[in-house]
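A short worksheet on the structure shown next.
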Amino acid sequence: MVAMSAGPEPVESGFPGGLRAPLAVVGAALALLVAWCMIQLPAAGAGGGASAVAQSQELLVNDLARATADSIGDVAGDLSTASALYTVHPDPTPAGTLAAITRGTPQALGLALVQRSSGTLLAGTGEPVPVESLPNKDLDRITVTLVRDQSGATVVLTAAPLTGTDWLVLVTTGLKIPATTLSGQPAEALLLTTFDGQVVKSRGEFDPQYQPLVTAASTNATGGVGSLVGDAGKGPVVDGARTTPIAVYAPILTGDPARPLGLNLVLVGSAPAQAAARTPVETAWMTAILAAAVLAALMLLGFGFVLPLRRLRAEALGGRRRRSYRLREAAVVSATLRNEIVQVRRGRISARTFVVAAVAPLLVCSAVVGVVAATTVPTAPDLVVQGERGLAEVTAGALRDQLSASLSDLRTFATRATDDVRSLKPALVNLIAQNKRYRSVYVTDADGTVQVDAGRTPLRTVERPPAGSGLHQQNTAGRIPVLYANTPLPDHTHVLIGELDVTKLSSILRRSAGNGKLVDSGLRTLASADGYRAFDPLTDQALKQSVTDALGGVGRPGTDQIDGQWYVVAAATVTGSPSTDPLRWTVVLQQPLTTLPLPDNVVRRYALFAALAVGAAGLLLLGWYHSCFVRPLRRLADAAARVHQGDLKTVIYPERLNEIGTLSQCLDKVRRQRTATPAPVPLLV
């Protein structure tokens, strides 16, 4: 029996409502994904070498640039404090005023006092200050600019108006590159450059042939931190092999908000021209697995689900060829259309089970590739591991500079303090406003009782202050570490104390990637880049050993497993200054291997993306076919079974205008054809 042997063919909406639409759309997307994997994965796995080494140094150079900016900003803070102290005990003469400010700015090369309104030089000391380099001298705030002195050298010119006067203080200071280890691999020199590539200061020597790379890096630094790689094999010979020149750059930003000063920090060096690709998943095998899973799923859906239903539709619309179907629902509908008994055969499968089984290769492939990529540990080259040690040293150096500067601030402040400690209140307020490293600054008597303070409520327990001046840690337990600097005032009966803000110390640790901690000699946490509880002891043996080695002077960076994840671990002591050496504090950094700029991590991320994309495509196929075709087909099969059992009254409506909807209309026509119609009543003539 043919259901639709005559009459118009039922209307179908076509794409994207047809049976072939999900297969075409998702299949095309999966084909593009496989092609992308074939192109991108081998390229990512073959990358690395000089590029990976250069990228691994970007955090180090950025940290060095920030440390350079901090040293420049400290001059502005010192000058502001000296100016505030001047208001406590002003000197009417320009020479006396300049002498007082000179004591508060020990790092100055030269100082000058000029008239703001006229620009007339009133007094000067030290090296000549290029007053003419500051055309506008009517300033109302501290400014920092780059100028050239009489010798042609580039210096920093800091200008500050003197409160209550018409005078302007000008201070020149030299440029300083923070100390860090230059091992020659990869770093050869650290340069301070202008945006046009002119080198104004350097540490280390570099080959003149690197100058075009330095110029390009200086120009690119206007956009932020980055790196450049020169021509492969054009660098010096190291261990019998040619290397590739690299340049890593970062702009120096000062002020709040941060603004470009006009200087960049550029690291130039060399790196291996070629590096063996180390990938967590073999790219060829992974691409083959993805392609096989995609092909299997599409073939199963196309030949096992779409094609049988298309043939059933053709049969319902008048096809003469009789077919058998393995899909249970298709067999029921076909038998009902032909008014045959549904035969129970082994080997038939429901449409829902078949679609799930057809999509299973995609889901299994997604899970396998994702798990392998997520759990495989990448291998970090030695140059990258050594770069983590450099980062730890720079972070420790930045903390050391902040701690030393805090003590220097207080000592400078004390030189201008008067016997009337109450009169120091405005100067203390200015000191804490200009130096964010303090949480509170106050003056105590000999017994430690606070006489005058600025900032937040002191945390320090009232006790007799330590003799002399220095940096101290008062507690080893409690809610917040109490870290402070102290120095006696000239009257020898009062002590100036500045409590350090742990949040500020933590912000320095946050410059580094991963999790950085500052620990004391008892391996207790004082500050951390991430959330922490004060004085939490280091519990992992790898971290403890790294800190112990650093305190012993033999810090060795390496890779270790911590809480189930692999990290690069490095430590450096906060030493190099007489004020910080007695503290025996240490910075320890731990950076996950999976966050390092390595080719294998790029492949790992690509593999995870491919796994997620394949899994999402599989779920999309499953949901699309199940909601639009499998569920309507199951309801149609139930309706066909009722028709076969004699239910000829229930109308069968098409749910969608697609192939399943066409089958519904054909089945409803069969129902109407089988409905008994009464004989016509004869007409009376």
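Since every read-out is calculated from the coordinates, none of them should be taken as a lab result. Given the structure is predicted, the values throughout are model-derived calculations rather than measurements. Please note: Cβ atoms are built from the backbone with ideal geometry, for glycine as well, and neighbour counts cover all protein chains shown.
Here are the numbers for the structure shown:
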{"item": "Helix 20-46 axis, angle to the chain major axis (alpha carbon atoms, nearest 10°)", "result": "40"}
{"item": "Over the stretch 471-555 - Rg/Rh using Cα atoms and the Kirkwood inverse-distance radius", "result": "1.06"}
{"item": "Sequence-distant residues sharing a close amide H with residue 110 (under 5 Å, placed H)", "result": "127, 172"}
{"item": "Burial ranking of peptide ranges 73-82, 616-625 (average Cβ count within 10 Å, highest at the top)", "result": "73-82, 616-625"}
{"item": "Footprinting exposure proxy for 501, 549 (fewest neighbouring C-beta atoms within 10 Å first)", "result": "549, 501"}
{"item": "Cα centroid of the stretch 626-666 to Cα centroid of the stretch 20-69, whole Å", "result": "49"}
{"item": "The stretch 512-599 - charge dipole about Cα centre, Lys and Arg +1 at Cβ, Asp and Glu -1, debye rounded to 20", "result": "100"}
{"item": "Size of electric dipole in the stretch 51-276: Cβ of Lys, Arg +1 and of Asp, Glu -1, about Cα centre, debye, nearest 20", "result": "40"}
{"item": "Selection from 553, 128, 146, by position along the positive dipole direction of the chain (Cβ)", "result": "553"}
{"item": "FRET efficiency, 1/(1 + (r/R0)^6) with R0 60 Å, evaluated for residue 151 and residue 357 via beta carbons", "result": "0.15"}
{"item": "Computed [θ] at 222 nm, deg cm²/dmol, the chain (DSSP H ≥ 4; -39,500 (n - 2.57); rounded to nearest 500)", "result": "-13000 deg cm²/dmol"}
{"item": "Degrees separating the helix 94-104 axis from the principal Cα axis of the chain, which is the longest one", "result": "50"}
{"item": "Potential lengthening between residue 295 and residue 31 on full extension [0.36 nm per residue; Cα-Cα distance subtracted]", "result": "94.1 nm"}
{"item": "Rounded D (µm²/s) - the stretch 51-276, Kirkwood Rh over Cα pairs, Stokes-Einstein at 25 °C, 0.890 mPa s", "result": "129"}
{"item": "Cβ-derived FRET efficiency at R0 41 Å, residue 480 paired with residue 125, nearest 0.05", "result": "0.45"}
{"item": "Whole-number percent relative contact order across the stretch 512-599, with pairs defined as alpha carbons under 8 Å at least 6 apart", "result": "30"}
{"item": "Selection from 354, 324, 374, by position along the positive dipole direction of the chain (Cβ)", "result": "324"}
{"item": "Computed E for residue 463/residue 507 - FRET, C-beta separation, R0 35 angstrom, nearest 0.05", "result": "0.75"}
{"item": "Phi to ³J(HN,Hα) by Karplus 6.51 cos²θ - 1.76 cosθ + 1.60 over the stretch 600-606, Hz, x for Gly, Pro", "result": "5, 6, 5, 4, 4, 5, 4"}
{"item": "Protection proxy ranking, peptides 198-208, 581-591, 392-402, average beta carbon neighbours within 10 Å, highest first", "result": "392-402, 581-591, 198-208"}
{"item": "In sequence order, calculated HN-Hα J values of the stretch 626-636 (Karplus, 6.51, -1.76, 1.60; Hz; x Gly/Pro)", "result": "5, 6, 8, 10, 5, 5, x, 5, 5, 5, 5"}
{"item": "HN-Hα J in Hz across the stretch 122-129 - Karplus 6.51, -1.76, 1.60, θ = phi - 60°, x for Gly and Pro", "result": "9, 7, x, 8, x, 5, x, 9"}
{"item": "Cα-centred dipole magnitude for the chain, charges only on beta-carbon of K, R (+1) and D, E (-1), debye, nearest 20", "result": "5000"}
{"item": "Rounded tilt (10° steps) of 328-337 against the dominant C-alpha axis of the chain", "result": "30"}
{"item": "Projected-area mean, the stretch 395-543, by convex hull of Cα positions, square nanometres", "result": "8.9"}
{"item": "Relative contact order (%) - the chain, alpha-carbon pairs under 8 angstrom, separation at least six", "result": "17"}
{"item": "log10 of Debye I(q)/I(0), alpha-carbon scatterers only, for the chain at 0.07, 0.10, 0.11, 0.12 Å⁻¹", "result": "-0.67, -0.98, -1.10, -1.23"}
{"item": "Share of Cα-Cα pairs in the stretch 512-599 lying beyond 17 Å, as whole percent", "result": "46"}
{"item": "Centroid-to-centroid separation of the stretch 188-208 and the stretch 483-528 [C-alpha atoms, Å]", "result": "33"}
